[in-house]
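For reference, the structure discussed in these notes is given below.
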Amino acid sequence: MKYINEINKRKTFAIISHPDAGKTTLTEKFLLFGGAIQTAGAVKSNKIKKHATSDFMEIERQRGISVATSVMTFEYNDHLINLLDTPGHKDFAEDTYRTLTAVDSVVLVIDSVNGVEAQTRRLMEVIAMRSTPVIVFINKMDRDGKNRFDLLEEIEKELKINLHPMTVPINSGKDFKGVYDLHQKSLVLFTAGTKANDEDVVEIKDLSDSILDAKVGEHDANTLREDVELIDGVYGELNEADYLSGKTAPVFFGSAVNNFGVKEMLDTFIRIAPTPRPRHTTLRDIKPEEDKFSGFVFKIHANLDPKHRDRIAFLRVCSGRFERNTYYHHVRMERDFRFSNPYSFLARQKEVIEDAYPGDVVGLFDTGNFKIGDTLTEGEDFYFTGIPSFSPEIFKEVVNKDPMKTKQLEKGLIQLTDEGVAQLFTQFGGNKKIIGCVGELQFEVIQYRLLQEYGASVQMNSLPFYKACWLTSKDPKKLDDFTKYKQANIAADKDGHIVYLAQSEWFLNTERQNNPDIEFHFTSEIHK
């Protein structure tokens, strides 16, 4: 129980959204409040030379998008916050899905102009599976967008979650005047192009006060009074238990690029977001306050620093205390490892730490010993469950253009697919290498990184497959016969599991009907 104080100080969350909703911009503002950076950068811009702190790969700076989850730690109001900024682009969804297994809560950013978008729906499905608590930030209120109540209704209907407004916006677009904070009973005024400061906050305990009319004008003051009365009547007080169980999501309105409405959200987040929670394993539930250390690897990033060819495994601490230079048990390899330079991150900058507590994300130098889902403990043998691997939707054969670089190519493919950006299949009985991805952009990133980081130049040829399914059966002989007959469509993933590559939905359904003893799985959970 001796770590209780440290555990209660920590909040670990991910920021998720559809691309371009303002996720990375919001991350920058959080870091600004935490004093972690002095000036916030922009993700894409011709004039601003300072790029976003959280976009650290060369390809991210060229494209102006985030393609890998980045981890940042900062302090705010005596709390230690671990923030994971995820890529919004659907082609990198798998990285995001896995990051969601390592956090205790989520901030969902929604663009007030576009409302709920496709990627947001898919992310919310993953969150609902795990009942993760969500806070919603409706961004870009200074642009002409949808009506505030229509937006709330759309989010509730599309994402199947109950909302609870915590701030009420006054107009939107050019007429956006600010927000009224229902919890603090204060009015925060908005001036375009300037940062919100303490002078812009007016305490208004009673909305019938004439000071409100003086600040926002009579018409807007009356609209605000009606809105607040309506919201109080419909929603009442926020039930924190409903938030923690993932049934209700508090909602904030603001504009991340103008740093507006962000502080109100951050203050509420600190107040209500969950501290590290117990986790399921193959043996039992692990509680954060247990004395013995345990943690799991949810992400691997190769060549974080291209000069040093390093691979870093991101480890989420689940219980006990992680210490530098201490031996820990690697369950899969049945070996003990110690780490002399464990890191905490501020995106590209990293610093060596002496210890870490539940909720923290630690970077471990890796020479190829880790895979996604690996567990480290103080001697016990178990795996953390619920870390998914999804069926790819696009398949390409990797053709080596330079036979002299075969070794580099093999190494590059194994290291890049260990990161979980794509899946590597080897065709049965041959050595045809097939890469499966969720999105087209992944192939570009892999081709670019194979060339830049390993010197291997490859050609990617599209293959006519529709889905990859993992096969299991209680009758080994039937599975064996099936793989012999369907040799052209059978491959092994890099852990040696048998995979059936279906040409079309029709083929897949036919095989499922003809082979009732064989099960076809669309996700392979690492450590079932």
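In the structure shown, do any of LYS140/LYS185; LYS140/LYS160; LYS29/LYS177; LYS371/LYS411; LYS157/LYS185 have a Cα-Cα gap over 26 Å, and if so which?
On the way: LYS140/LYS185 23 Å; LYS140/LYS160 23 Å; LYS29/LYS177 20 Å; LYS371/LYS411 14 Å; LYS157/LYS185 29 Å.
Correct reply: LYS157/LYS185.
Run the reach check for LYS484 against aspartates and glutamates, Cα to Cα strictly under 19 Å, same-chain hits fewer than 8 apart removed. What comes back?
Counting by Cα, and skipping residues close in sequence, LYS484 has these aspartates and glutamates nearby: ASP475, ASP493, GLU511, ASP517, GLU519.
Take each of the peptides 252-259, 502-509, average the number of other beta-carbon atoms within 10 Å over its residues, and list them starting from the highest. Let's see the in-between values first.
Values: 252-259: 24.0, 502-509: 14.2.
By packing density, highest mean first, the sequence is 252-259, 502-509.
Considering only the other residues whose Cβ falls under 10 Å of the Cβ of ASN400, what net charge follows from Lys and Arg at +1 and Asp and Glu at -1?
On the way: positive: LYS401, LYS405, LYS433; negative: ASP402, GLU410.
Local charge sum for ASN400: +1.
Sort LYS411, LYS405, LYS140 by heavy-atom solvent-accessible area, probe 1.4 angstrom, most to least.
Working: LYS411 105, LYS405 65, LYS140 30 Å².
Greatest to least solvent exposure: LYS411, LYS405, LYS140.
Which order do the peptides 412-419, 493-500, 79-86 come out in when sorted by mean C-beta neighbours inside 10 angstrom, highest first?
Numbers: 412-419: 20.2, 493-500: 16.5, 79-86: 24.4.
Descending packing order for the listed peptides: 79-86, 412-419, 493-500.
What's the extension gain from HIS497 to HIS280 if we count 0.36 nm per residue and subtract their Cα-Cα distance? Provide the component values of the computation, followed by the final result.
Details: separation 217, 0.36 × 217 = 78.12 nm, distance 2.37 nm.
Between HIS497 and HIS280, full extension yields an extra 75.8 nm.
Express in Å², to the nearest 10, the accessible area of LYS478 obtained by rolling a 1.4 Å probe over the protein heavy atoms while all chains stay in place.
Around 90 Å² of this residue is reachable by solvent.
What does the charge add up to near PRO358, with Lys and Arg as +1, Asp and Glu as -1, over the other residues with Cβ less than 12 Å from its Cβ?
Numbers: positive: LYS9, ARG10, LYS11, ARG277, ARG279, LYS287, LYS292, ARG316, ARG321; negative: GLU6, ASP104, GLU289, GLU290, ASP291, ASP355, ASP360.
With Lys, Arg at +1 and Asp, Glu at -1, the neighbours total +2.
The values are calculated or read from the model by the stated rules, or taken from the named source; none is laboratory data. None of these values were measured; they are calculated from a predicted model. FYI the Cβ positions are ideal-geometry reconstructions off the backbone, even for glycines, and counts take in every protein chain you see. Calculation scope for accessible area: heavy atoms of the full protein, side chains included, ligands and nucleic acids excluded. Shrake-Rupley method; radii C 1.70, N 1.55, O 1.52, S 1.80 Å.
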